[in-house]
Every structure is written in structure tokens, then in C-alpha cells.
1. Quick one: in segment 2-17, of everything that is in a loop (DSSP other than H, G, I, E, B) and of a type outside the set (Gly, Ala, Ser), which residue is nearest to residue 44 (Cα to Cα)?
2. Within segment 85-102, work out how many residues are out of contact with any Leu (no Cβ under 6 Å at 6 or more places or on another chain) and either crowded, with 21+ Cβ neighbours inside 10 Å or at pLDDT below 95 (or both).
3. Among (1) among the hydroxyl-bearing types (Ser, Thr, Tyr); (2) under 13 Å from the mean Cα position of the chain (by Cα); (3) closer than 21 Å to residue 145 by Cβ, where does residue 85 come up short?
4. Please determine, by comparing only the residues of segment 3-15 that are of a type outside the set (Val, Ile, Thr) and in contact (Cβ under 8 Å) with a residue 40 or more places away in the chain, which one is surrounded by the most Cβ atoms within 10 Å (Cβ to Cβ).
5. How many of the residues in segment 131-142 are farther than 14 Å from residue 93 by Cβ and of a type in the set (A, V, I, L, M, F, W, C)?
6. Determine which single condition residue 25 fails, assuming it passes every other condition in (1) assigned to a helix (DSSP H, G or I); (2) over 23 Å from residue 137 (Cα atoms).
7. Inside segment 25-56, can you point out the residues that are among the aliphatic types (A, V, I, L, M), within 16 Å of the chain's Cα centre (by Cα) and open to solvent by 50 Å² or more (accessible area, probe 1.4 Å)?
8. Just one of (1) closer than 22 Å to residue 8 by Cβ; (2) modelled with pLDDT of 95 or more trips up residue 144, so point out which.
Amino acid sequence: MEAILVSACLRGVPCRFDGRDKASPALAELLDGRQAVSFCPEVAGGLATPRRPAELIGGDGHDVLDGAARVVDGAGHDVTAEFVTGAERALLAAQRAGCTEAVLMPRSPSCGRGAVYDGSFAGALVPGDGVTAALLERNGITVRPAPGV
């Protein structure tokens, strides 16, 4: 059975920054006939649930991986290390399961694909990828935002 990495919050796990999930009924069709590997990179990186929201400052996830940007929470604490560790652990989980594709939470500083919050904590979006999405893509895993979220 083909395996696919999926943001744990999309599978009903209450691991988002606000302590809730973001279960997506539209995801069921996409996962049909596949083994879903549920994973939350932020929790795997050592962050608590609930936690302060975080955003990318100075670029996107690719820039974070290159050392040119960082991830900061709403109180100004740098959580870049936790986001990078979580991304590395997500990649390892995906590789161990043989995943060639991932469906991740849109707009997230970890999982966002194509658009992420701009770092102002005002809800504005900019083009870019989250840290985990960037690392997965760099390692040949196709990343898509979840449908219907």
C-alpha cells in the first residue's frame, strides 16, 4: 500500500498551536487506498500544545533551511531550531514509510505550501513554503496543501 505523509491536525489530532485539530473531510478521498502517516512537525520538534502562533520572518521555509530567515512566535521568541528539528523528523518519518507525497496544512510556518503568513501576525499571506514543506520538497517528496481547509 502506498504511504502518504499527512499533517496530524488534518487527521483529527488536536496538535495545532491553539490546541485544536483541523480535520478535513475532503481529505478522505485523497487518502483512499493509501496508508496515511500522520505527523506534526511542530510537536515533534519539541513545541507544546497549545503554544503561541509562529510565523516566518525574513523569508520562507527554504530561507530558514539556508540560515537566512527564522521562525518567531507571537511573543518574539525564536523557535527556528524547533521548526527545523521537526522538519527533519518529518522527513525521516516520510522516508522510513516510503512516502513520495505529502498533504500538509495550508499556510502553516511548518507545513504551508505555496503561501505562508508574512510574519506580521496580521493574517496576511505571501508566496512561499513552510519549513517542513521546503525540506520535503528538497528531498523529492511532492507536497500539496490539503483540500477543503
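1. Per the criteria, the residue is 15.
2. Pass one, segment 85-102, residues out of contact with any Leu (no Cβ under 6 Å at 6 or more places or on another chain): 85-86, 88-90, 92-93, 95-98, 100-101.
Filter once more, so that each one left must be either crowded, with 21+ Cβ neighbours inside 10 Å or at pLDDT below 95 (or both): 86, 90.
Going through segment 85-102 one residue at a time, the tally reaches 2.
3. Just one mismatch for residue 85, condition (3).
4. Among those that are of a type outside the set (Val, Ile, Thr) and in contact (Cβ under 8 Å) with a residue 40 or more places away in the chain, it is 7.
5. The qualifying residues number 3.
6. (1)
7. 43, 48
8. (2)
The values are calculated or read from the model by the stated rules, or taken from the named source; none is laboratory data. Computed from a predicted model, the values in this text were never measured in an experiment. Ideal geometry is used to build each Cβ from the backbone, glycine not excepted, and the neighbour counts take in all protein chains shown. Just so you know, the surface numbers come from the protein's heavy atoms only, side chains and all, with ligands and any DNA or RNA stripped out. Shrake-Rupley method; radii C 1.70, N 1.55, O 1.52, S 1.80 Å.
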